């Protein structure tokens, strides 16, 4: 388009154009027709793009536009409006406009830009500079790409209720945009195609509440690397049909996803790797019917969530950290179920989320819950290590030895878990010792009652006194009440203690022993003594290791 340097009369303005010229000179607004959006070209409401450009840039000495700029409603613009590398004079309000061709405004400078309720086939405003607000809202409709990449906006970028259509492509490109105020993609905002905000810097809020982002099979909302001072609202009517990417995004306030809908049958519904949120992450009553949630290495302040918002088997929590839990479900079992939904990814187990949860629970004063989480972490780590060792078998001797090592480690790990809780519950060993003690006492009592318990001395067993009663069923009782009354009195409880508890001896096992030749209870007590003694040594050794720290607990 040739630049216009002549007087306005050289353009031979039409009647509606003269009305616009007069309004611009007077500093008032201009309404064509009833001021509503024209359905089609109308001679009474048509403004040529070259005339509109002439007025937006301020006119000339013979036709000086008022500092109020161009303010017009209800026009049809014929031709291509190209404002590239120019500076607008005063505010630019072109509301209820229908443009024949896309608007081009490369690196243009505006006071404000208002295209509310206007319809156009495209807008290329890369590098545009706007001192105030940009309004692409209301009935604003673009049937092509809207590009604001690299733009600098001193106020708000308001796109509420706007419609941006470019299926299969980019509907709204605001990459590396700088907005001093808020960016509003809310209240009925609709995008068919990708909305790209990657690298944007926003001084206020990014509000997508009640916004619809539709780009099946691709990225619906690309906010990678966005730096946001305020809150990000993906809530209360927010709908994404495609991936929402917040990778590397930094949010100074809260990330609010309550009542939002994330759907992406082709892949991840929410990609938030390396996300940084200064305050709370609210993830409640979220609908994810398809797609995964990836929060790998994300960092947030308070975590406010509910179980139903986390899809089963489609969550990655590896590296996800938070400072506090403020949620309806804080009980240990529910949180462990939450972790199970997000710690196995591509058949690999990631233990870090367990460490993170235990750390937060401990800092919140829930010591017992934290220990329960760490115990479960150790159990699952060993289980997955064992499975991996068995899956990797290739039939070689080396693989068989590796399998044997995995099995031995599994046995050792299982004993540590059930006996001392991996060192976090050392007093659990006392319960095991008590159980073994009672079992040994029971066997001793039954062996004594059946006559299977005899003095543990070769001298006594060959003595005339014992030989006199040896054949009787209650030989031990008869002997101890007569000839052997000075021998150590049998006590099944103390005998059980002597059998199970190592090092400490009370003389019962040294004085009495079960005879396997004297019936079933004798055999049971004979073999049970050995097994229970070995078990007692194992339990005592694990308890000592837990107390002395040989079983490492890895406390934070």
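Rule-based calculations on the coordinates, nothing more; no lab input. Computed from a predicted model, the values in this text were never measured in an experiment. Cβ sites come from the backbone with ideal geometry, for glycine too, and all protein chains shown count toward neighbours.
Okay, here's what the table says:
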{"item": "Length added when fully stretched, residue 337-residue 22, from 0.36 nm per residue minus Cα-Cα", "result": "106.3 nm"}
{"item": "Gain upon complete extension [residue 449, residue 312; 0.36 nm per residue less C-alpha separation]", "result": "43.6 nm"}
{"item": "Least to most buried among 359, 25 (fewest other Cβ within 10 Å first)", "result": "25, 359"}
{"item": "Label-reachable residues, region 449-463, where backbone N falls under 15 Å from a point 7 Å from residue 473's Cα toward its Cβ", "result": "449-453"}
{"item": "Separation in nanometres of the label points that stand 7 Å from Cα toward Cβ, at residue 131 and residue 227", "result": "2.5"}
{"item": "Calculated FRET value between residue 364 and residue 385, using beta carbons and R₀ = 22 Å, to 0.05", "result": "0.15"}
{"item": "Rounded if a/c under 1.5, otherwise prolate or oblate - region 63-102, Cα gyration tensor axes", "result": "oblate"}
{"item": "R0 of 35 Å, Cβ-Cβ distance residue 459-residue 523: FRET efficiency to nearest 0.05", "result": "0.90"}
{"item": "Reciprocal of mean inverse Cα separation for region 132-291 (Kirkwood radius, Å)", "result": "14.9"}
{"item": "Alpha carbon Rg of region 239-297, scaled by the compact-globule rule 2.2 N^0.38 Å", "result": "1.06"}
{"item": "Crossing angle, helix 520-548 versus the chain [Cα axis fit, 0-90 degrees, rounded to tens]", "result": "50"}
{"item": "Listed peptides 228-237, 13-22 by packing density, highest first (mean Cβ within 10 Å)", "result": "228-237, 13-22"}
{"item": "DSSP-defined beta bridges in the chain - what % are antiparallel, rounded to 5", "result": "5"}
{"item": "Folded to 0 to 90 degrees: helix 352-363 orientation relative to the chain principal axis, Cα", "result": "80"}
{"item": "Over the chain: helical MRE at 222 nm, DSSP H runs n ≥ 4 each giving -39500 (n - 2.57), nearest 500", "result": "-10000 deg cm²/dmol"}
{"item": "Percentage relative contact order, the chain, counting C-alpha pairs under 8 Å, at least six apart", "result": "5"}
{"item": "Gyration tensor (alpha-carbon) shape descriptor, region 157-230, a/c threshold 1.5", "result": "oblate"}
{"item": "Normalised contact order of region 428-546, rounded percent, pairs of Cα under 8 Å and 6 or more residues apart", "result": "38"}
{"item": "Distance in nm between pseudo-label sites at residue 541 and residue 486 (7 Å out along the Cβ direction from Cα)", "result": "4.2"}
{"item": "Projected label distance in nm at residue 505 and residue 80, using a 7 Å step from Cα toward the beta-carbon", "result": "10.5"}
{"item": "Residue 326-residue 289 FRET efficiency (beta carbon distance; Förster radius 30 Å; 0.05 resolution)", "result": "0.70"}
{"item": "Segment residue 106-residue 442, extension gain: residue separation times 0.36 nm, minus the distance between their alpha carbons", "result": "111.7 nm"}
{"item": "Region 138-185-region 471-509 distance, computed between alpha-carbon centres (Å)", "result": "91"}
{"item": "Three-way shape call for the chain based on the alpha-carbon gyration tensor, with the a/c threshold at 1.5", "result": "prolate"}
{"item": "Tilt relative to the chain, helix 397-420 - C-alpha long axis, 0 to 90 degrees, to 10", "result": "80"}
{"item": "Shape parameters for region 1-101, alpha-carbon atoms, Rg then Dmax in Å", "result": "12.3, 35"}
